[in-house]
Amino acid sequence: MISQYREAEPTMIHHVTIQPKILYYGTPVILLTTLNEDGSTNISPISSSWALGRYVVLGIGGGSKGLDNLKRHPECVLNIPEAAMWRQVEALAPLTGRDPVPDYKQALGFRHEKRKFAAAGLTAQPAETVAPERIAECPLQVEAAVRHIRTPEYDGYFAIVETEVLRVHAREDIVLGRHHVNPNAWNPLIYNFRHYFGLSPELGKTYRSET
Ligand SMILES: Cc1cc2nc3c(=O)[nH]c(=O)nc-3n(C[C@H](O)[C@H](O)[C@H](O)COP(=O)(O)O)c2cc1C
């Protein structure tokens, strides 16, 4: 069979080698809620995550309050904001629940803030299966239990956090039928090389789509 693919001639498509400081190539933002020592809830914006079946894997840097909290209390809520919430997410960006603020974060302009719901104008809502609170404004809220935290031997700064989904809450207007999310109603906030984006109109769907 003759391959339908042609090798590109080197002159047609030109790539250059770059050394980007970050590789945030466009992933959804998650507002991760975790439990503080005193029972209050911390919020950490993250964008490093992927879902596999009923598990979601998170990438979290050391020195964050969220990671400290997950090590002590292995429960969380993955609150997934919609595109329109980018200003609230950005209000959280320079904040950390860590006190004192680690030196390297101070140098990056971070300041300590314990009351993150108030700082970002967000509303706390009790979760049903875990102790940290949900964020009412987020159309998707995923309650999860931490199953494993791994610090790679090749880089001690990062933690790979494996979570198991316990319960999913979806705002009524993004639900199609009983158990599907309507991709035309759900517009996640995308972190794209440190800029915020929503999704553009649909291009098509996979053959396995049920909606
Ligand atoms: C949009 C956005 C995405 C981020 N993604 C991540 C991430 O994937 N992993 C991470 O460790 N930190 C990420 N950060 C940085 C954390 O939010 C930051 O370390 C913050 O201090 C965490 O709060 P905490 O110290 O109270 O946990 C991101 C920040 C923003 C604004």
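What follows draws every value from the coordinates through simple rules; no lab data is involved. These numbers were taken from a predicted model, which means no experiment stands behind them. Note: ideal-geometry Cβ built from the backbone for every residue, glycine included; neighbour counts use all protein chains shown.
Provide the net charge surrounding residue 33, with neighbours chosen by a C-beta distance below 10 Å and charges set as Lys +1, Arg +1, Asp -1, Glu -1.
Summing Lys and Arg as +1 and Asp and Glu as -1 gives -1.
List the GluC sites (Glu not before Pro) within the stretch 21-98 that fall in a DSSP loop (any state other than H, G, I, E or B) and whose Cβ has at most 13 other Cβ atoms within 10 Å.
Hits after loop and neighbour filter: 37.
Go ahead and collect, in residue order, the members of the stretch 121-160 whose backbone nitrogen is under 16 Å from a label point 7 Å along the Cα-Cβ direction of residue 182.
Only 139-140 pass the distance filter.
For the stretch 98-138, run through the GluC sites (Glu not before Pro) and keep only the ones in DSSP coil with at most 16 other Cβ atoms within 10 Å of their Cβ.
128
Scan the chain and hand back the longest stretch that contains none of the chymotrypsin sites (Phe, Trp or Tyr not before Pro) lying in DSSP loops with at most 12 other Cβ atoms within 10 Å.
Answer from the scan: 6-153.
Could I have the simple spin-label model distance between residue 83 and residue 166, label points 7 Å from Cα toward Cβ, reported in nm to one decimal?
3.3 nm
What value does the stretch 1-102 have for Rg/Rh, both radii from Cα atoms and Rh as Kirkwood defines it?
Ratio value, two decimals: 1.17.
Kirkwood Rh and Cα-based Rg: tell me the resulting Rg over Rh for the stretch 82-211, rounded to two decimals.
1.00
Tell me the label-point distance for the pair residue 192, residue 207, using the 7 Å Cα-to-Cβ offset, in nm and rounded to one decimal.
Once both label points are built, they end up 2.9 nm from each other.
Given the pairs 65/205; 71/116; 21/65, which are separated by over 29 angstrom at their Cα positions?
Pairs exceeding 29 Å: 65/205.
Given the rule -39500 (n - 2.57) for each run of at least 4 DSSP H residues, summed and divided by the residues of the chain, what is its mean residue ellipticity at 222 nm, to the nearest 500 deg cm²/dmol?
Taking each H run of at least 4 residues, the total per residue is -3000 deg cm²/dmol.
Suppose each label sits 7 Å from its Cα in the direction of the beta carbon; what would the residue 158-residue 19 distance come out to in nanometres?
The answer from the label model is 1.9 nm.
What list of ³J(HN,Hα) values in whole Hz, one per residue of the stretch 42-57 in order, does the Karplus curve 6.51 cos²θ - 1.76 cosθ + 1.60 (θ = phi - 60°) give from phi, with Gly and Pro shown as x?
Listing the rounded values in order: 9, 10, 10, x, 9, 9, 9, 7, 8, 9, 9, x, 9, 10, 10, 9 Hz.
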